[in-house]
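Peer 1: Have a look at the structure that comes next, please.
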2 protein chains.
Amino acid sequence: MMDQRYEPLDEETLFIVSQTFKALSDPTRIRILHLLSSGEFSVTEIANRLSLLQSTVSHQLRFLKNLRLVKYRREGTTLYYSHDDEHVLHILEQTIRHARDH
Amino acid sequence: MMDQRYEPLDEETLFIVSQTFKALSDPTRIRILHLLSSGEFSVTEIANRLSLLQSTVSHQLRFLKNLRLVKYRREGTTLYYSHDDEHVLHILEQTIRHARDH
DNA sequence: AACTTATATGAACATATATTCATATATTGA
DNA sequence: TCAATATATGAATATATGTTCATATAAGTT
């Protein structure tokens, strides 16, 4: 009842939205994105700072890269990753603050 | 480097944030929450509108209830569910709009 | 070319999750 | 109390997901 302005979600929108939130639903990815919100880091730096295996970080960065949430630039053998979606990062930081003041 | 203002995430914050986004990462829950953004609906109404089994809806509503994202009021044998977290709903609708314009 | 460092990849595994089916519980009315 | 309706629950199943290990690739250096 009283459902003015309700618009069913089409498949594509639903997929994009669920994928976006799925990216933010894993603690490891959250920590990576949160770190990247403060700057640019290599894979090894991320692994060291967050006490994660290089492989774990690499796998998760691929996941985030596929969704275009992060990007990288190469410098020799080192890849420097940084965030690539202001909107999603904003939602994350907003929710972190919201969670912090419980 | 250049990580002024980076604050590691404590376990509890990380848990709350990941749980919140996990709730929004499933297409069925997204559809339910999106429907509830337009008003109050019984379990059966939700199931009919979204072409889902009653059991499926009930299970997901329990999930959302545990996270205090929805609430209900009873009227006889019927339970009318509605949303119970403006902040999370706002994030969802914001992301839906963002996904819709491509 | 061989060696080193940085990163990526694939397979294997354990765990988590969503849905379905069958059934239980709860409320109302006859 | 019995029947009818609305909702919840538990078990089972299939699928998805995150991490680890071992190894591959790629770039730079000697």
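FYI, it's all coordinate maths here, none of it is from the lab. Just so it is clear, the model here is predicted, and its values are computed rather than measured. With ideal geometry, Cβ positions are generated from the backbone for all residues, glycine too; neighbour counts draw on all protein chains shown.
Peer 1: Any residue in the stretch B:1-20 that is of a type in the set (D, E, K, R) and more than 22 Å from A:Ala99 (Cβ to Cβ)? Don't jump to the end; show me each part of the working.
Peer 2: The initial filter retains those residues of the stretch B:1-20 that are of a type in the set (D, E, K, R), namely B:3, B:5, B:7, B:10-12.
Add one more test, that the residue is more than 22 Å from A:Ala99 (Cβ to Cβ), and what stays is none.
No: the stretch B:1-20 contains no residue that is of a type in the set (D, E, K, R) and more than 22 Å from A:Ala99 (Cβ to Cβ).
Peer 1: Taking the condition of being over 16 Å from B:Tyr6 (Cα atoms) and touching a helix residue (DSSP H, G or I) at 6+ places or on another chain (Cβ under 6 Å), how many residues in the stretch A:30-46 meet it?
Peer 2: Within the stretch A:30-46, residues that are over 16 Å from B:Tyr6 (Cα atoms) and touching a helix residue (DSSP H, G or I) at 6+ places or on another chain (Cβ under 6 Å) number 1.
Peer 1: Separate question: Which numbered condition in (1) at the interface with another protein chain (Cβ under 8 Å from one of its Cβ atoms); (2) in contact with a Lys or Arg (Cβ under 7 Å, 6 or more places away or on another chain) is the only one that A:Phe21 fails?
Peer 2: (2)
Peer 1: Which one of these is buried (at least 20 other Cβ atoms within 10 Å of the Cβ) and either closer than 25 Å to B:Arg100 by Cα or within 10 Å of DNA strand C (Cβ to nearest atom) (or both): B:Leu35, B:Leu53?
Peer 2: B:Leu35
Peer 1: Can you list residue pairs whose Cβ atoms sit under 9 Å apart, with the first residue in the stretch A:34-47 being under 14 Å from A:Tyr72 (Cα atoms) and assigned to a helix (DSSP H, G or I) and the second being away from DNA strand D (no atom under 16 Å from the Cβ) and polar (S, T, N, Q)? Count only pairs 6 or more apart in sequence or on different chains.
Peer 2: Hits for this filter: A:Leu36/A:Ser82.
Results for (1) more than 15 Å from A:Phe63 (Cα to Cα); (2) out of contact with any Asp or Glu (no Cβ under 7 Å at 6 or more places or on another chain); (3) more than 7 Å from chain B (Cβ to nearest Cβ), shown as yes or no for each residue.
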position	(1), (2), (3)
A:Arg5	yes, yes, no
A:Pro8	yes, yes, yes
A:Glu12	yes, yes, yes
A:Ser25	no, yes, no
A:Arg29	no, yes, yes
A:His34	yes, yes, no
A:Gly39	yes, no, no
A:Ser42	yes, yes, yes
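Peer 1: Write out, first by first residue and then by second, each pair whose Cβ atoms fall under 7 Å of each other, whose residues are 6+ apart or on separate chains, and whose first residue, in the stretch B:71-91, is of a type in the set (Gly, Ala, Ser) while the second is assigned to a loop (DSSP other than H, G, I, E, B).
Peer 2: If the second residue must be assigned to a loop (DSSP other than H, G, I, E, B), the pairs left are B:Ser82/B:Glu40.
Peer 1: Kindly indicate the residue of the stretch B:59-71 that is away from chain A (no Cβ under 14 Å) and aliphatic (A, V, I, L, M) and also farthest from DNA strand D (Cβ to nearest atom) among those meeting that condition.
Peer 2: Ranking the candidates gives B:Val70 first.
Peer 1: Go through the stretch B:72-102 residue by residue and tally those that are within 11 Å of DNA strand D (Cβ to nearest atom), in contact with a helix residue (DSSP H, G or I) (Cβ under 9 Å, 6 or more places away or on another chain) and basic (Lys, Arg).
Peer 2: The qualifying residues number 0.
Peer 1: Shifting gears a bit: Would you call B:Thr56 touching a Ser or Thr at 6+ places or on another chain (Cβ under 8 Å), hydroxyl-bearing (Ser, Thr, Tyr) and away from chain A (no Cβ under 13 Å)?
Peer 2: For B:Thr56, the condition - touching a Ser or Thr at 6+ places or on another chain (Cβ under 8 Å), hydroxyl-bearing (Ser, Thr, Tyr) and away from chain A (no Cβ under 13 Å) - is met.
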